[in-house]
Amino acid sequence: QLQLVESGGGLVQPGGSLRLSCAASGFTLDYYAIGWFRQAPGKEREGVSCISRTGDSTNYADSVKGRFTISRDNAKNTVYLQMNSLKPEDTAVYYCAARALRCLGGYRFYDYWGQGTQVTVSS
């Protein structure tokens, strides 16, 4: 019943942009902090960004700071990750995840997960 679905991934050239979406079904998203994580082939899952329940607080990994922007529209039950100035090292499967109340850094703190969407940055 509780489900998150990512969309918006694809192939983009270095320096390009993508916007990922995370849509909730079966529950209302405004109770949860939402994080974005990514996992590249052969690497561990890493946190990318997180947004608080109300959207008044955000955080970013150093590797994406200044390039990525997380936002949410609780009326649409959707969270977004705007990715600009993309680099080949951004290539990964991107996941959104939800946990109650507030952001925490580790993926193990998140209770609900989407299926992931592939982002490939290549010329």
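Are any residues in segment 1-20 open to solvent by 20 Å² or more (accessible area, probe 1.4 Å), assigned to a strand (DSSP E or B) and under 22 Å from residue 87 (Cβ atoms), and if so, which ones?
If the condition is that a residue be open to solvent by 20 Å² or more (accessible area, probe 1.4 Å), assigned to a strand (DSSP E or B) and under 22 Å from residue 87 (Cβ atoms), then 7, 10, 11, 18, 19 are the ones that fit.
Which of the residues spanning segment 21-36 are surrounded by 13 or more Cβ atoms within 10 Å (Cβ to Cβ) and in a loop (DSSP other than H, G, I, E, B)?
Within segment 21-36, just 27 meets the criteria.
For a quick check of your reading of the model, give me the residue pairs whose first member lies in segment 37-50 and is in a strand (DSSP E or B), whose second is basic (Lys, Arg), with beta-carbon atoms closer than 7 Å and at least 6 apart or on different chains.
Note: pairs meeting the criteria are 37/45; 39/45; 46/38; 48/38.
Any residue in segment 51-67 that's under 12 Å from residue 82 (Cα atoms): show its pairings with residues that are part of a loop (DSSP other than H, G, I, E, B) at Cβ separation under 7 Å, as long as the two are six or more apart or on different chains.
Matching pairs, first to second residue: 67/84; 67/85.
Pick from 54, 91: which is more than 26 Å from residue 12 (Cα to Cα) and out of contact with any Phe, Trp or Tyr (no Cβ under 9 Å at 6 or more places or on another chain)?
When all the criteria are applied, what remains is 54.
Kindly establish whether residue 108 is open to solvent by 70 Å² or more (accessible area, probe 1.4 Å) and in contact (Cβ under 8 Å) with a residue 24 or more places away in the chain.
Criteria not met by residue 108.
Find the residue count for segment 75-103, including only residues that are closer than 20 Å to residue 62 by Cα, open to solvent by less than 50 Å² (accessible area, probe 1.4 Å) and not β-branched (Val, Ile, Thr).
11
The values are calculated or read from the model by the stated rules, or taken from the named source; none is laboratory data. Worth saying up front: this structure is predicted, and the values here are computed from it rather than measured. All Cβ positions, glycine included, derive from the backbone under ideal geometry; neighbour counts span all protein chains shown. SASA here: full protein model, heavy atoms, side chains in, ligands and nucleic acids out. Shrake-Rupley method; radii C 1.70, N 1.55, O 1.52, S 1.80 Å.
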